[in-house]
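The values are calculated or read from the model by the stated rules, or taken from the named source; none is laboratory data. Worth saying up front: this structure is predicted, and the values here are computed from it rather than measured. Glycine also receives a Cβ, built like all others from the backbone with ideal geometry; neighbour counts cover every protein chain displayed.
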Amino acid sequence: MTAEAAAPETAYLHFDALVDLLGRILEVHGAPADVAHELAHNCASAERDGALSHGVFRMPSYVSTLHSGYVDAKAIPQIDDVAPSMLHVDARNGFAQPALAKVKERALDKVCTQGLCIVATHDSHHLGALWLDVEPFARQGLVALTFVNGISRVAPHGGHRPFYGTNPMALAVPRHHTDPLVFDQASSAMSYGEVKLAQDHGETVPPGIGIDQAAQPTVDPKAILEGGALLPFGKHKGSSISMMVELMAGALTGAAFSFQVDRRQHHGAQTSRSGQLLCLIDPTRLVGAGFPDRVEELVQGLHDSGQARLPGDRRYENRRRSHSVGIPIAAGVRARLDALLDPAARP
Ligand code: NDP
């Protein structure tokens, strides 16, 4: 989905105004102010950058999850300093981004002294786009890599039912005098949000995205989401990447695997109670100040080889456009957001 398909009745909101609106919605439905701000900032950033599957489209999911009792929005994460370069975070059934915000300074201290830090978070709910978790570290000169597991929606290669989460991963590295190089992708052939958006818009999805209840290939998003399953990208190779994400974000953090996440007792819950692994590396410890030069060398090589568009280019371009003209919010979307300001709203 791109930010370009704006409806005629579209208003252009300033970033801060959108953060404020989304934060008020989350507070109305029970999130404490700091948690509401963190999630609102994350959601508005995704919308600003044209990552629409994790932008304001997710607000009903946040509201619904808050009312389901599945997540504890007031949870205070417990941070254990388990090794010179490791922090183990128990998010205590709270949201992942506020937990990351709380651990950030301590992680950076460890990177300063040790050259790297691994932050292993479990019992956390992540409903955002991952690159927002890593890009800020690359702006501080670090290499940042993260994995998140989630709700079982993806059949393993050759499998016939949901097993893996859509299991995203993101990497951000610093560049000279320009935005970090970031890639951020689900390990499913399409993210759940994109398939849901296709369903909402009455569209089909391309072949190879999912299977139906009978494990037959289908382009019908409803058949994929209701009884069927998404497929991993790249057949067996993507399936193994998804397995890696389960191991890194689930087994290594102490979190549930995606197939163990059980929301049945919590009607309306739309997040996963799972885990996140974040690895931060100071490249200067390994290769001195030359790392960004090597990144440029690689980027130049990619351009010379014919890859004009790099991962992250689209989002940065959308961000620049949003900064100059505002974030496009269609009238219907705005009306649905405003309706969520009602404490009685139940999406
Ligand atoms: P996309 O397939 O849209 O994009 C994946 C990556 O590929 C991006 O870095 C993108 O850059 C890049 N890219 C896309 N097209 C090209 C191209 N033609 N040439 C070079 N690079 C390209 O993302 P997904 O659908 O896989 O994931 C969408 C979002 O969903 C992600 O932000 C992810 O973190 C999030 N997600 C979150 C989950 C959670 O549990 N919290 C679960 C699953 C997904 P660009 O961004 O510039 O387009």
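Looking at (1) touching a Ser or Thr at 6+ places or on another chain (Cβ under 9 Å); (2) farther than 25 Å from C43 by Cβ, find the lone condition where Q216 falls short.
(1)
Output the number of residues of region 295-329 satisfying the condition of being more than 12 Å from the ligand (Cβ to nearest atom), hydrophobic (A, V, I, L, M, F, W, C) and free of Cβ contacts under 8 Å to residues at least 24 places away in the same chain.
The qualifying residues number 1.
Scan P283, P311 and give me the residue that is surrounded by fewer than 16 Cβ atoms within 10 Å (Cβ to Cβ), closer than 29 Å to V245 by Cβ and modelled with pLDDT of 95 or more.
That would be P311, the only listed residue that is surrounded by fewer than 16 Cβ atoms within 10 Å (Cβ to Cβ), closer than 29 Å to V245 by Cβ and modelled with pLDDT of 95 or more.
Is it true that E194 is free of Cβ contacts under 8 Å to residues at least 60 places away in the same chain, surrounded by fewer than 24 Cβ atoms within 10 Å (Cβ to Cβ), outside the structural domain of R48 (by TED's automatic domain parsing) and not in a loop (DSSP other than H, G, I, E, B)?
The answer is no for E194.
Tell me which of these S191 doesn't satisfy, since it passes every other one: (1) small (G, A, S); (2) more than 16 Å from the ligand (Cβ to nearest atom); (3) over 21 Å from A91 (Cβ atoms).
Result: S191 passes all but (2).
Considering only region 172-179, I want to know if a residue exists there that is within 14 Å of the ligand (Cβ to nearest atom) and either within 17 Å of the chain's Cα centre (by Cα) or under 25 Å from A33 (Cβ atoms) (or both).
Checked against the condition, which is being within 14 Å of the ligand (Cβ to nearest atom) and either within 17 Å of the chain's Cα centre (by Cα) or under 25 Å from A33 (Cβ atoms) (or both), region 172-179 yields at least one hit.
Would you confirm, using the coordinates I've provided, whether P292 is surrounded by 15 or more Cβ atoms within 10 Å (Cβ to Cβ) and either farther than 26 Å from E135 by Cα or away from the ligand (no atom under 16 Å from the Cβ) (or both)?
Answer is yes for this residue.
Out of R48, R24, which single residue is of a type in the set (K, R) and within 16 Å of the ligand (Cβ to nearest atom)?
Criteria check complete, one pass: R48.
Of the residues A138, A155, A120, which single one is at pLDDT 95 or above and within 15 Å of the ligand (Cβ to nearest atom)?
Of A138, A155, A120, the one residue that is at pLDDT 95 or above and within 15 Å of the ligand (Cβ to nearest atom) is A138.
If you go through region 222-234 one residue at a time, do you hit one that is surrounded by fewer than 19 Cβ atoms within 10 Å (Cβ to Cβ), outside any helix (DSSP H, G or I) and acidic (D, E)?
Taking every residue of region 222-234 in turn, at least one turns out to be surrounded by fewer than 19 Cβ atoms within 10 Å (Cβ to Cβ), outside any helix (DSSP H, G or I) and acidic (D, E).
Could you please let me know if A255 is in contact (Cβ under 8 Å) with a residue 12 or more places away in the chain and assigned to a strand (DSSP E or B)?
So A255 does not fit the description; no.
Condition test on T204, is it in the same structural domain as L280 (by TED's automatic domain parsing), more than 10 Å from the ligand (Cβ to nearest atom) and surrounded by fewer than 17 Cβ atoms within 10 Å (Cβ to Cβ)?
No.
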